[in-house]
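Okay, so here's the structure we're looking at.
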Amino acid sequence: MAASPTPTNVLEVRDIHTDIGQFHILDGVSVEVPEGSITVLLGRNGAGKTTTLKSIIGLTPPHSGAVALRGREIQGEPAYRIAARGIGYVPEHRAIFRDLSVEENLRIAERKPGDLSRRGDFIFDLFPDLKRLIKLPGGNLSGGQQQMLAVARALVPENELLLIDEPSEGLAPVIIEQMMEAIRQLSAHTTVLLVEQNFIMASQLADRYTIIETGRSVKSGRMADLVKDEETITRYLGAT
């Protein structure tokens, strides 16, 4: 029987170092994100997970190391150009436009005219609440609906990689379940790199993981192996 082919990496982050002001935040982070996977960045608060996503998208550019999208290095490019290469970004705390309607929040995310029309059915199948609330201002949505809108906005252009920062933060358990199911469904179309503090959610969603500890990646592998490794979970995540 022939061996299965090795998945192609959509994203490779190689030994990046990132400063924010006078603070050295990342001190050697490496991550591989295979095509079609959900890969999660794990670690305690302040470990550097969010900065890793911002370094990939160009908001806090690394001063050394490499970020490659399908083998092409993109570090040092402005964030708008990196996004245009097919990377969507869902920031922590949602960052929606509260005074704009759901429809306006989505429409301003278009990369090409007509993106929302082309992608609308896909987006509203994932998040039917947004279709019902299409004319409502973003600030009038519940926390869970705002998180749905933040993810939906990144889906308006046809991105091949989606970076999602803490999608379960502050959400009720029933909304977390809805968000998990939506991420599972969209991962059939878009490779996902996720930051998630909720280990139970991460373990149920992700195919692969990278653990970051004080600005360095310290361990990577298959999530199926990590969930059985209580020593690693306790040492780096403080959970069992």
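Across the stretch 24-34, not a single residue is classified as modelled with pLDDT of 95 or more, in contact with a Ser or Thr (Cβ under 8 Å, 6 or more places away or on another chain), not in a strand (DSSP E or B) and not hydroxyl-bearing (Ser, Thr, Tyr). Screening the candidates LEU171, LEU163, LEU130, LEU149 for the property of being open to solvent by less than 10 Å² (accessible area, probe 1.4 Å), aliphatic (A, V, I, L, M) and not in a helix (DSSP H, G or I) yields one hit, LEU163. Residues in the stretch 68-119 that are hydroxyl-bearing (Ser, Thr, Tyr) and either open to solvent by 20 Å² or more (accessible area, probe 1.4 Å) or in a helix (DSSP H, G or I) (or both): TYR80, TYR89, SER117.
Modelled with pLDDT of 90 or more and more than 16 Å from PHE122 (Cβ to Cβ), is that true of GLU181? Judged against the criteria, GLU181 is not a match. The set of residues in the stretch 129-155 that are more than 15 Å from the chain's Cα centre (by Cα) and under 11 Å from GLU103 (Cβ atoms) comprises LEU130, LYS131, LEU133, ILE134, LYS135, LEU136, PRO137, GLY138. Within the stretch 38-63, the set of residues being among the small types (Gly, Ala, Ser) and within 23 Å of ALA84 (Cβ to Cβ) comprises SER55, GLY58.
Selection of first residues in the stretch 136-160 that are touching a residue at least 60 places away in the same chain (Cβ under 8 Å) and of second residues that are open to solvent by 20 Å² or more (accessible area, probe 1.4 Å) and charged (D, E, K, R), restricted to Cβ pairs under 6 Å at least 6 apart or on distinct chains, gives the following pairs, ordered by first then second residue: ALA150/ARG94; PRO157/ARG111.
Considering the stretch 40-66 alone, what residues qualify as being crowded, with 22+ Cβ neighbours inside 10 Å and assigned to a strand (DSSP E or B)? Correct list: VAL40, LEU41, LEU42.
The values are calculated or read from the model by the stated rules, or taken from the named source; none is laboratory data. Keep in mind it's a predicted model, so treat the numbers as computed, not measured. With ideal geometry, Cβ positions are generated from the backbone for all residues, glycine too; neighbour counts draw on all protein chains shown. Side chains included, ligands, DNA and RNA excluded: accessible areas come from the protein's heavy atoms. Shrake-Rupley method; radii C 1.70, N 1.55, O 1.52, S 1.80 Å.
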